[in-house]
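Visitor: Before I ask anything, here is the structure I am working with.
No lab work stands behind these numbers, since they all come straight from the coordinates. No experiment lies behind these values; they were computed from the predicted model shown. Don't worry about glycine lacking a Cβ; one is built from the backbone with ideal geometry, like all the others, and counts go over all protein chains shown.
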Amino acid sequence: MKQLFRQRLSTHLKEMMRYLRLVFNDYFVLALLFVIGGLGYYYSNALKQLHTGLWWAPLVIVGILLVSVQLGRFATLIEGPDYVFLLPKEAELYHYLRSGFRYSVSIAIAIQVLFWILLMPFVQVTMHATTTELYLLLASILILKLTWLNTDFARKYHLRQSWLASRFIFRLLVPVIALGLSVYINYWIGLIISLAALLASYFTRQNWANRSLDWTTMIDDENSRMHTVYQFFNLFTDVPTLQGSVKRRRYVDGILNRIKLIPRNTYLYLYAHGIVRDNEMSGLYVRLLVIGTLFLVFVKGALLPIFLSLLFVYLIGFQMIPFYFHFSDNAFVHVYPITNRYQLKSFQRVLLYLLNTVGVVFAVAVLAVNLATPVTFIGVIVGEVLEIWLFVYLYLPKRLARSERTR
Amino acid sequence: MTLQVSNLVGGYSQVPVLKDVNFDVKDGELVGLIGLNGAGKSTTINHIIGLLTPFRGSIKINGIGLNDDVKQYKAQIAYIPEQPIVYKELTLKEHLEMTMLAYGLDQDAAWKRAHDLLKLFRLDNKLDWFPDNFSKGMRQKVMIVCAFLTNAKLFIIDEPFLGLDPLAVNDLLNLISERKRQGASILMSTHVLDTAQRYCDRFVLLHDGQVRTEGTIEELRKLFPDAGDSLNDIYLTLAREGDAS
């Protein structure tokens, strides 16, 4: 069983390395160096302005460490068919899972240490913490993370006492209490609380380790973990294994129901419903929309907002293009008695709707911040109208015709 | 007595799908689990293979419950799911090796058996192919080969006939008969009632999460003298009755 895990881990790492190589290409590394350098410079400057006794400093520390404790999940590397093929090996699966646990712990420790190092100067400046206290804080977050992972381990079994796998208790409640007490009262108390939680969670292991496995939860957990990993890589490159997951999103029904049910609208119906419910597409759209809006709210300058808003409109539109072919593999669209004359028209309509929404949101954001500089907000509005029109009616048909040929 | 399900109450969330289910499968017996869509067949099976935990009641295989000894309980089961489920990144050969590994089978003997089975289902020239790219029927055959490679005492087979070609259906039935003679018990859920009537020793008729009735075909005929002779007729009468009441 340990052998099986080792085998899976090596396949897994190989796959991750392949993606990481794609993500960290030369340009990205260069850009990253600049960003890290810039942020480091900003951080060191900001530290000089800080002093002890800031009311919000402890809150920031607790908040950041709380986030860092959530990072790094229990990697079981379990696959869907395992519940059929490994059925008779279930009792020995504990050893397999323990190997996974150790691997996950090592990664989680690295993440915690990284966050701790980044946060260390801030804690020192704002809290006047001694070296011992800093190490106590590190020990606390490591122990909290270990408890967190052990809870995730327990979750994979059919438990008799379900509080052992309670995410609320071990992921939120205990860390908040322990970190809060550390920062506000005494680092030793925080450590003791964390240690108590760890012992409570660890001593029950014998109780659940020989109970039956909750395969459904285990497989779902692992799939959702891998999905997050792939989603990250998908920002930089195409991930073929990423199967689109679908959400109902009833609140958009009002808009979707406005589509008239006539044959000409078949593709419109498909594209509109598809983009809204496909998590990849709608997620990408919403993420870029939110990031773009935030940029526009915080960025100052006469021309920069124009440039940024045009860039984000282009990015969003560009990411939506592949969805044109989303239904091409579906036999039904080829069986339906419809011509695909309206396919492009429908796609253009959906894209126009989406990009217009982006345009309006951006324009409102820019208008609210740059009311004093008419050049900026008028530039944004005119630029967006032109760009969206060019994108949807000139660029998109050309681009699709080219992709159609190479498909 | 191989499989004993007693007073089983269970389901996926808090709402029970199964309400007090009782039945058993004896050594060397093929029991057909019959019911409409949503009657609780797959839920029952998921409880037996330990995917779900019962709210109440117990499931024992040769006297062992899941929480008495997970290892012994599970080692006795071979399972063929309704939807064939295979590893994307493993070849057919590696699937078979995985099964041998998991059930701790002797490699030489198992491979001998595997080759017979592969030949039977005409998969012997596809050992280096990826089952993930197979058709549903062929993936189903992969599941069958893997299951019948083992020396399990209890075979759980969920709707095996859909997607299989007639020859494969016949071969599967022969395999089942062979295992029955060797003393294994088989629980099979299916909608193909005339095949079930010919091959199953006994039937458990599920309706709305309860066992409506169980017995051999003669016993069922005696219970429902007006319904007709075939299992199909009896079942249709019963299902309509169940909906009316």
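Visitor: What average number of partner chain Cβ atoms lie no more than 10 Å from the Cβ of the residues making up A:76-85? Walk me through the numbers before you get to the answer.
Guide: Details: counts 0, 0, 0, 6, 4, 13, 4, 7, 14, 13.
Rounded to a whole number, the mean comes out at 6.
Visitor: Please rank A:76, A:131, A:204, fewest neighbouring Cβ atoms within 10 Å first, as an exposure proxy.
Guide: Details: A:76 25, A:131 9, A:204 17.
Ranking A:76, A:131, A:204 by Cβ neighbours within 10 Å, fewest first, gives A:131, A:204, A:76.
Visitor: Which of rounded, prolate, oblate describes the stretch A:218-298, given a ≥ b ≥ c as roots of the alpha-carbon gyration tensor eigenvalues and a/c under 1.5 marking rounded, otherwise prolate only if a/b is larger than b/c? Present the calculation step by step, with values, prior to reporting the outcome.
Guide: Working: a/c = 2.18, a/b = 1.35, b/c = 1.62.
Oblate, since a/c reaches 1.5 and b/c is not below a/b.
Visitor: Which angle from 0 to 90°, rounded to the nearest 10, does the C-alpha axis of helix A:57-70 make with the longest principal axis of chain A?
Guide: Between helix and principal axis, roughly 80 degrees.
Visitor: Same structure, new question: Would you kindly derive the ³J(HN,Hα) couplings of the stretch A:16-30 from the backbone phi angles with the Karplus curve 6.51 cos²θ - 1.76 cosθ + 1.60 (θ = phi - 60°), listing them in order in whole Hz, with x for Gly and Pro?
Guide: Once rounded to whole Hz, the list reads 4, 4, 4, 5, 4, 4, 5, 5, 8, 7, 3, 5, 5, 4, 4.
Visitor: Please report the base-10 log of the normalised intensity I(q)/I(0) for the stretch A:1-42, using a Debye sum with one equal scatterer per alpha carbon and no solvent, at each q in 0.15, 0.24 (1/Å).
Guide: -0.55, -0.77
Visitor: With θ taken as phi - 60° and the coefficients 6.51, -1.76 and 1.60, list the Karplus ³J(HN,Hα) couplings across the stretch B:121-128 in order, rounded to whole Hz; mark glycine and proline as x.
Guide: Ordered by residue, 3J(HN,Hα) equals 9, 6, 10, 5, 9, 10, 4, 9 Hz.
Visitor: Could you please rank A:156, B:93, placing first whichever residue has the fewest other Cβ atoms within 10 Å of its Cβ? Intermediate results must be reported in sequence, preceding the final value.
Guide: On the way: A:156 24, B:93 15.
Ordered by Cβ neighbours within 10 Å, fewest first: B:93, A:156.
Visitor: Turning to a different aspect of this structure: Can you give me the long-range amide H partners of residue B:79? Hydrogens built in the peptide plane at 1.01 Å from N, cutoff under 5 Å, separation of 5 or more residues or another chain.
Guide: B:156
Visitor: Report, in debye and to the nearest 20, how large the dipole of the protein assembly as shown comes out about its Cα centre when Lys and Arg carry +1 and Asp and Glu carry -1 on their Cβ. Let's see the in-between values first.
Guide: Values: 65 positive and 52 negative charges, 336 e Å.
It comes to approximately 1620 debye.
Visitor: Let me ask something additional. Give the distance, in whole Å, between the Cα centre of the stretch B:1-55 and the Cα centre of the stretch A:361-390.
Guide: 64
Visitor: Next question. For peptide B:102-111, how many partner chain Cβ atoms fall within 10 Å of a residue's Cβ, on average?
Guide: 2
Visitor: Rg/Rh for chain A to two decimals, with Rh computed the Kirkwood way over all alpha-carbon pairs. Mind showing how you got there, number by number?
Guide: Details: Rg = 25.9 Å, Rh = 25.3 Å.
That ratio is 1.02, to two decimals.
Visitor: Another question about this same structure. What are the lysines whose alpha-carbon lies under 29 Å from the alpha-carbon of residue B:222, with same-chain residues fewer than 8 places away excluded?
Guide: Residue B:222 reaches B:19, B:26, B:41, B:180.
Visitor: Additional query: Taking the alpha-carbon centroid of each part, what is the distance from the stretch B:164-185 to the stretch A:180-211 in angstrom?
Guide: After rounding, the separation between the Cα centres reads 55 Å.
Visitor: Using alpha carbons only, how many angstrom separate the centre of the stretch B:205-225 from the centre of the stretch A:15-56?
Guide: 70
Visitor: In terms of Cα to Cα distance under 19 Å, which lysines are near enough to residue B:112, apart from those fewer than 8 places away along the same chain?
Guide: B:93, B:126, B:141
Visitor: Specify the residue with the greatest mean-square fluctuation among A:116, A:389, A:208, computed from a Gaussian network of chain A linking alpha-carbon atoms under 10 Å apart.
Guide: Evaluated over chain A, the most mobile residue of the options is A:389.
Visitor: A further question on this structure: Count the lysine pairs in chain A whose Cα atoms sit under 17 Å apart, keeping only pairs 8 or more residues apart in sequence or on different chains. Could you put the intermediate results ahead of the total?
Guide: Values: A:2/A:89; A:89/A:156; A:260/A:345; A:345/A:398.
For chain A, the number of qualifying lysine pairs is 4.
Visitor: For a bin width of 10 Å, list the pair-distance distribution of the stretch B:77-151 built from all Cα-Cα distances, rounded to whole %.
Guide: All Cα pairs considered, the percentages come to 21, 60, 19.
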